[in-house]
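The values are calculated or read from the model by the stated rules, or taken from the named source; none is laboratory data. Fair warning: this is a prediction, and the values are worked out from it, not measured in the lab. FYI the Cβ positions are ideal-geometry reconstructions off the backbone, even for glycines, and counts take in every protein chain you see.
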Amino acid sequence: MRARWLWAALTWAGAFFSITSTSACSEVESCKDDEVGCISNPPDNSGNCLAGLVPNEAGTECVEKGSTAPSNSCGCLTNELCRDDGQCVNVCTTPANLPPRTSATKTCRPIAGEAAYDFTKAAVALCYQSCIRRATLCGTACNPVTECTPTAAATLTTALCPGQMPECAMKACEQARDTPCAQQQCPAGSALNCTGVVCSNACVTDPKYNNDGICDDGDLSNADSFVCEWGTDCGDCGPRRGTPPPFDRDLGDPCYDALQCGGDRTDVASSTGWCVTTDEVRPLYRCVPDCSKKGATCPSGYKCFELLQDVDGDGEADPVIDSKNVQARACFPLQCGT
């Protein structure tokens, strides 16, 4: 995944974060469970709550300030976050509208540090590039995982490269990868459709991200990072159709970059949320609330943990601390595990 690389080298954004449980308990957690004014308990006789909590709309119990919208009446469960639009979101579960995870392409040539391609490996890369384009541009069902096995790919590519020379297969792969949509050839019985297609290898962050074997354009279907603009890492991601995902994300939304959630590693005090992983299997990153500020508390069911990044690239995760010595912390859902 690009995530580990981002920890080491992406200095302009928060990117992905891991979490450690060394931080102290928040004021809310130290508040006694049965004490008047504590979370989920009634306010005192004057209508006041403790630890920065506020009365709910009915004035019957103390809740997190800002955890309900618009007037502390969200009614979320303890394993849910309350979004600004008043919806409750469980960040440990996969969103119902999340695109299905699809395969990214394979590089037409070995990247730095990889062994030279033999004919079969080059044939598989060609098959992946062609299959993904057929599925997106021609509407032809094609799953590269099942259709581009080494045996199947080598058999198909031998007809194109009778001598089974790796260079022949790699050049054919590059041709399939770099052919504009309008010039693509579709199988019989299917029609080419280039409407709304975005596909370039023009990552403005750095050209080295193009064709490096990692999808970096932030599409939730198969990307590993948000380093490039949507649709500008086509050689690694495949062509895109439609509209790019919104950059600004709400609490609980899937994310790829801390900036999407309101997190700023260079000015931690101004942050409102961070992008952390809540599912190592998917993997799935979600926006969660910031708790870096002094006295900040987390919603019920969430605990404040330190954020870690491998900033210097030594393989060791370090606390995220800005130039003003403010350490970044985020509210992590305890039901997701630590």
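Please report, ordered by residue number, the helices (runs of 4 or more DSSP H) entirely within region 132-186 with at least 2 residues that are within 27 Å of the chain's Cα centre (by Cα) and more than 19 Å from Asp233 (Cβ to Cβ).
Of the helices (runs of 4 or more DSSP H) lying wholly inside region 132-186, those with at least 2 residues that are within 27 Å of the chain's Cα centre (by Cα) and more than 19 Å from Asp233 (Cβ to Cβ) span 144-147.
Scanning region 258-277 for residues that are surrounded by 23 or more Cβ atoms within 10 Å (Cβ to Cβ) and of a type outside the set (A, V, I, L, M), which turns out nearest to Thr195 (Cα to Cα)?
Result: Gln260.
What pairs come out if I take residues in region 287-307 that are at positive phi and touching a residue at least 12 places away in the same chain (Cβ under 8 Å) and pair them with residues that are among the hydroxyl-bearing types (Ser, Thr, Tyr) and surrounded by fewer than 23 Cβ atoms within 10 Å (Cβ to Cβ) whose C-beta lies under 7 Å away, six or more apart or interchain?
Gly301/Thr78
Do we have any residue at all in region 226-235 that's at pLDDT 95 or above, over 13 Å from Arg329 (Cα atoms) and assigned to a strand (DSSP E or B)?
Yes, there is a match, as at least one residue in region 226-235 is at pLDDT 95 or above, over 13 Å from Arg329 (Cα atoms) and assigned to a strand (DSSP E or B).
Might you check whether a residue that is in contact with a Cys (Cβ under 9 Å, 6 or more places away or on another chain), surrounded by 21 or more Cβ atoms within 10 Å (Cβ to Cβ) and within 30 Å of Lys303 (Cα to Cα) occurs anywhere in region 91-98?
Yes, some residue in region 91-98 is in contact with a Cys (Cβ under 9 Å, 6 or more places away or on another chain), surrounded by 21 or more Cβ atoms within 10 Å (Cβ to Cβ) and within 30 Å of Lys303 (Cα to Cα).
Quickly run through region 159-217 and pick out the residues that are within 28 Å of Cys255 (Cβ to Cβ) and of a type in the set (Asp, Glu).
Listed by number, the residues that qualify are Asp206, Asp212, Asp216, Asp217.
Residue by residue through region 236-269, note down the ones that are in contact with a strand residue (DSSP E or B) (Cβ under 8 Å, 6 or more places away or on another chain) and not in a loop (DSSP other than H, G, I, E, B).
If the condition is that a residue be in contact with a strand residue (DSSP E or B) (Cβ under 8 Å, 6 or more places away or on another chain) and not in a loop (DSSP other than H, G, I, E, B), then Arg240, Arg241, Pro254, Ala258, Gln260, Cys261, Val268 are the ones that fit.
Across region 88-103, which residue is modelled with the lowest pLDDT among those that are in a loop (DSSP other than H, G, I, E, B) and over 17 Å from Ala223 (Cα atoms)?
My answer is Ala96.
Keeping to region 282-338, report how many residues are out of contact with any Lys or Arg (no Cβ under 6 Å at 6 or more places or on another chain), modelled with pLDDT under 85 and among the aliphatic types (A, V, I, L, M).
4
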